[in-house]
Amino acid sequence: MKTYELITLEDIVTQVEGNVCSDMDGEKVMLSIKNGKYYNLGETGGVIWDLIEKPMKVNEIIKKMKAIYDVNDQDCELQVRSFLENLISEGLIEKNL
C-alpha cells in the first residue's frame, strides 16, 4: 500500500535524478531508472514536470498553470497538488529540500 504525503502551497518540489523523459506526440513519458517503471505524465503533467526541473514552490506552479490553461483556482490547486502527491509517492520528486 502506497502512502501519500500531503503537499502544501508553500512546499518546494523538484525532480529527483534517475529519470529518463521523452516527448511522444505532445505527451511526456518517463522511465524511472530507480524503480524500473514507465510513466505517462500526459500533456499537462509534462508541463508540470518541466516546471519542476529546478526547485519551485507549489503555489508558483499553480500560478503558472493557471496562466497556461483556462481553469478555476480551486480545480487547478486540487489537480496540481494531487499530481505532485502521486509523484512523491512514486519517488519521482522530492519536497522541501
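The values are calculated or read from the model by the stated rules, or taken from the named source; none is laboratory data. What you see is a predicted model; the values in this text were computed from it and never measured. All Cβ positions, glycine included, derive from the backbone under ideal geometry; neighbour counts span all protein chains shown. Quick note on the areas: whole protein, heavy atoms, side chains included, nothing else; ligands and nucleic acids left out. Shrake-Rupley method; radii C 1.70, N 1.55, O 1.52, S 1.80 Å.
The table below lists the values:
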item	result
Residues of the range 20-54 classified as open to solvent by 80 Å² or more (accessible area, probe 1.4 Å) and of a type outside the set (Ser, Thr, Tyr), total	12
Candidate set from the range 1-21 (those that are polar (S, T, N, Q) and modelled with pLDDT of 95 or more); member that is farthest from residue 95 (Cα to Cα)	15
Residues of the range 67-86 that turn out to be open to solvent by less than 80 Å² (accessible area, probe 1.4 Å), part of a helix (DSSP H, G or I) and aliphatic (A, V, I, L, M), as a count	2
Scope the range 27-45; condition outside any strand (DSSP E or B), in contact with a Gly (Cβ under 8 Å, 6 or more places away or on another chain) and either closer than 20 Å to residue 82 by Cα or not basic (Lys, Arg) (or both); matching residues	33, 35, 43
Qualifying residue in the range 59-66 (condition: open to solvent by 80 Å² or more (accessible area, probe 1.4 Å), out of contact with any strand residue (DSSP E or B) (no Cβ under 6 Å at 6 or more places or on another chain) and at pLDDT below 95)	no
Qualifying residue in the range 10-20 (condition: among the charged types (D, E, K, R) and assigned to a strand (DSSP E or B))	no
Scope the range 22-43; condition at pLDDT below 95 and among the β-branched types (Val, Ile, Thr); matching residues	33
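Matching residues to (1) under 15 Å from residue 5 (Cα atoms); (2) without any contact (Cβ under 8 Å) to a residue 24 or more places away in the chain; (3) of a type outside the set (Gly, Ala, Ser); (4) in a helix (DSSP H, G or I):
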position: 50; (1), (2), (3), (4): no, yes, yes, yes
position: 53; (1), (2), (3), (4): no, no, yes, no
position: 65; (1), (2), (3), (4): no, yes, yes, yes
position: 88; (1), (2), (3), (4): yes, no, yes, yes
